[in-house]
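Just below is one structure, and these are the notes that go with it.
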Amino acid sequence: MKKDEPPLDFPDTLEGFEYAFNEKGQLRHIKTGEPFVFNYREDLHRWNQKRYEALGEIITKYVYELLEKDCNLKKISIPVDATESEPKSFIFMSEDALTNPQKLMVLIHGSGVVRAGQWARRLIINEDLDSGTQIPFIKRAMDEGYGVIVLNPNENYIEVEKPKIHVPSSSDSSDEPAEKRERKDKVSKETKKRRDFYEKYRNPQREKEMMQLYIRENGSPEEHAVYVWDHFIAQSAAENVFFVAHSYGGLAFVELNCCNWVSSSEPLDTSVESMLPDCPRVSAGTDRHELTSWKSFPSIFKFFTEASEAKTSSLKPALTRRSHRIKHEEL
């Protein structure tokens with residue numbers, strides 16, 4: 001027999017979940033000090049998943065607050081010419097993002113449920129804020145004199161409840177004899193009763209039907225990247241623009257002078273062969289895809305520094321894909 005599902009009614013704060021981030025940035029239970037437990041209710045996978053998703057939404061808002069309060073970034077609404085009533089998204093920028101004459105760093109996360117400032121929700125919840133968020137990159141960049149722009153490529157639409165549509169019953173028609181209409185209505189009611197009973201068994205708590213309203217010129221990660229490029233990055237004063245893109249976020253930029261740190265059991269920065277003609281691939285020093293950005297953190301900034309020095313030094317050749325690939329193959 002199917003176990004009764006508890007209400008899908010979850011807290012909207014970390015405190016309500018009885019969790020908090022400790023001084024190491026790890027999510028821990030306030031009373032027990034234990035890490036987050038996914039299987040909170042045994043044999044209720046759907047309920048546990050909904051609970052996890054509800055916590056994830058709180059984590060997203062928490063990271064947004066950290067971007068503004070800890071990293072001193074500004075939340076910028078897009079489209080820039082949006083009307084009051086149309087759907088909107090946003091990005092985050094440092095105060096000097098468009099005016100810094102030297103360096104601008106652009107951060108782009110991958111696909112899925114992650115939003116601006118995150119690399120992987122799973123890492124934030126199960127590991128810590130350093131490995132799961134872009135915050136270490138942002139702080140390091142600002143310490144080294146970069147302007148910063150944080151993209152939000154998965155915020156492509158808003159959800160609103162679908163309007164209820166009235167479907168006329170058979171009794172609304174006067175073309176049939178009354179006795180025939182009554183028989184059809186009775187069958188229809190019995191069918192609806194059985195269907196509702198099945199739905200209650202299969203899905204005890206029917207959720208609201210939602211519809212998606214897409215954000216103008218930002219309806220996909222690719223559109224978002226192009227929009228931010230045209231309206232912000234291309235308008236910046238920076239002589240050098242650097243991108244840190246995780247997973248799907250890097251697809252729009254693979255043809256640039258770049259390096260791809262990929263999941264591999266090889267030591268960090270070891271050259272990794274690829275059948276795809278994109279850009280040089282080196283090991284991130286981890287087999288776990290979601291950890292590649294965090295594990296390659298020091299190498300990424302070293303790569304940026306070397307690229308800047310190569311551009312400004314007359315003694316060094318410009319850093320190209322070919323020269324960078326040879327360099328790593330010699331390791």
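The values are calculated or read from the model by the stated rules, or taken from the named source; none is laboratory data. Since the structure is predicted, the reported quantities are computational estimates derived from the model, not experimental observations. Don't worry about glycine lacking a Cβ; one is built from the backbone with ideal geometry, like all the others, and counts go over all protein chains shown. Side chains are part of the model used for accessible areas, which takes the heavy atoms of the whole protein and leaves out ligands, DNA and RNA. Shrake-Rupley method; radii C 1.70, N 1.55, O 1.52, S 1.80 Å.
What to note about this one:
- log10 of Debye I(q)/I(0), alpha-carbon scatterers only, for the range 93-155 at 0.25 Å⁻¹: -0.99
- The 1.4 Å probe gives accessible areas that order Glu223, Glu84, largest first, as Glu84, Glu223.
- For the range 48-95, the equivalent ellipsoid derived from the Cα gyration tensor has semi-axes of 25, 18, 6 Å, listed largest first.
- Table column - 3J(HN,Hα) (Hz), the range 13-27, Karplus curve with 6.51, -1.76, 1.60, x for Gly and Pro: 9, 4, 4, x, 7, 6, 10, 7, 8, 7, 5, 8, x, 9, 7
- Over 20 Å apart at the Cα level, from the set Lys31/Lys61; Lys75/Lys302; Lys74/Lys103, are Lys31/Lys61; Lys75/Lys302.
- Ignoring aspartates and glutamates fewer than eight residues from Lys50 along the same chain, the ones with Cα atoms less than 19 angstrom from its Cα are Asp4, Glu5, Asp9, Asp12, Glu15, Glu18, Glu42, Glu159, Glu161, Glu199, Glu207, Glu209.
- Translational diffusion coefficient of the range 1-129 (Stokes-Einstein, Kirkwood radius from Cα pairs, 4 °C, 1.567 mPa s): 76 µm²/s.
- Inter-label distance for Glu223 and Glu23, nm, one decimal - labels placed 7 Å from Cα along Cα-to-Cβ: 4.7
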